[in-house]
Ligand code: NDP
């Protein structure tokens with residue numbers, strides 16, 4: 001946990017960073033924060049109006065001109081991911097950072113009642129889509145001097161919890177995939193890959209999962225950004241295959 005990290009104001013200058021689910025919640029905060037630290041941010045998500053609002057905010061703050069990439073992980077095909085790689089290659093020639101943040105909660109429900117279609121949907125958005133997108137983008141990440149890939153995990157991706165179903169399983173798969181990929185890339189690539197658990201954070205997803213909770217007791221997405229910056233910037237160069245938390249466990 002790097003919640004006390006003090007990033008340089010130009011930490012991400014000259015870096016091209018793609019953020020998935022950049023229109024809302026933690027992804028929105030990460031996109032704005034990365035741009036404030038000098039990154040050219042590629043805003044990927046499914047609701048274009050939300051991405052446009054983030055784009056306008058970055059422009060209004062005088063940040064580097066961002067780019068919008070509309071994509072819905074449900075229904076996205078390998079061709080979509082390869083077209084994305086081709087577009088980014090033409091536009092930027094490399095990718096220095098990739099934050100896999102988009103996520104779907106599915107339903108908190110006993111496994112006996114879990115709908116198989118919803119299960120597939122959650123696995124598609126949370127793990128299968130991000131994995132094939134990563135495969136398509138690896139050549140571009142290899143073009144960077146020290147690219148960082150960050151996958152978003154959860155406490156239920158490290159210890160299972162009743163009723164969390166596909167969401168929990170998708171986050172366990174994320175942790176497993178990152179171990180496999182980091183081990184493959186070790187000593188033969190400048191690309192590092194780690195998982196980051198944001199911890200309880202004031203967003204729509206958290207409200208849906210815990211409707212009775214007072215959101216004011218939770219950290220905001222902005223407050224957990226130090227670890228997001230540390231992992232994306234040069235201070236974490238050489239760190240790969242590790243599990244991080246963006247905030248200390250709650251008392
Ligand atoms: P939100 O629900 O607020 O935001 C999720 C983002 O993912 C939205 O921008 C959403 O787009 C996007 N998204 C969802 N489905 C798709 C899809 N099919 N294709 C493309 N984009 C999609 O969630 P949070 O900000 O809370 O969560 C961000 C990440 O952090 C997730 O991976 C989540 O699992 C994880 N996390 C969050 C915690 C928390 O307490 N908030 C705790 C632990 C982990 P749209 O705006 O269009 O819906």
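The values are calculated or read from the model by the stated rules, or taken from the named source; none is laboratory data. All values reported here derive from a predicted model rather than from experimental measurement. Here the Cβ is made from the backbone with ideal geometry for all residues, glycine too, and neighbour counts use every protein chain on show.
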Would you confirm, using the coordinates I've provided, whether residue 59 is out of contact with any helix residue (DSSP H, G or I) (no Cβ under 8 Å at 6 or more places or on another chain), at pLDDT 95 or above, within 30 Å of residue 160 (Cβ to Cβ) and outside any strand (DSSP E or B)?
no
When you scan the range 218-238, do you find a residue that is free of Cβ contacts under 8 Å to residues at least 24 places away in the same chain, over 21 Å from residue 144 (Cα atoms), more than 9 Å from the ligand (Cβ to nearest atom) and in contact with a helix residue (DSSP H, G or I) (Cβ under 7 Å, 6 or more places away or on another chain), even just one?
no
Restricting the search to the range 49-66, which residues are over 17 Å from residue 101 (Cβ atoms) and either exposed (fewer than 15 other Cβ atoms within 10 Å of the Cβ) or within 14 Å of the ligand (Cβ to nearest atom) (or both)?
49, 52, 56, 59, 60, 61, 62, 65
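For every residue, the table says whether it meets (1) more than 17 Å from residue 190 (Cα to Cα); (2) touching a residue at least 24 places away in the same chain (Cβ under 8 Å); (3) surrounded by fewer than 20 Cβ atoms within 10 Å (Cβ to Cβ).
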{"position": "89", "(1), (2), (3)": "yes, yes, yes"}
{"position": "105", "(1), (2), (3)": "yes, yes, yes"}
{"position": "111", "(1), (2), (3)": "yes, yes, yes"}
{"position": "131", "(1), (2), (3)": "yes, yes, yes"}
{"position": "139", "(1), (2), (3)": "no, yes, yes"}
{"position": "170", "(1), (2), (3)": "yes, yes, no"}
Taking first residues from the range 183-200 that are at positive phi and second residues anywhere that are within 16 Å of the ligand (Cβ to nearest atom) and part of a loop (DSSP other than H, G, I, E, B), the pairs with Cβ under 7 Å that are 6 or more apart or on different chains are 199/246; 199/247
Considering every residue within the range 17-35, establish whether at least one is in contact (Cβ under 8 Å) with a residue 12 or more places away in the chain, within 15 Å of the ligand (Cβ to nearest atom), surrounded by fewer than 16 Cβ atoms within 10 Å (Cβ to Cβ) and outside any strand (DSSP E or B).
no
Can you pull out every residue in the range 195-217 that is out of contact with any helix residue (DSSP H, G or I) (no Cβ under 6 Å at 6 or more places or on another chain), under 26 Å from residue 12 (Cβ atoms) and either in a helix (DSSP H, G or I) or more than 9 Å from the ligand (Cβ to nearest atom) (or both)?
205
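Looking only at the range 128-160, filter to residues that are part of a loop (DSSP other than H, G, I, E, B) and within 12 Å of the ligand (Cβ to nearest atom); which one of those is farthest from residue 105 (Cα to Cα)?
158
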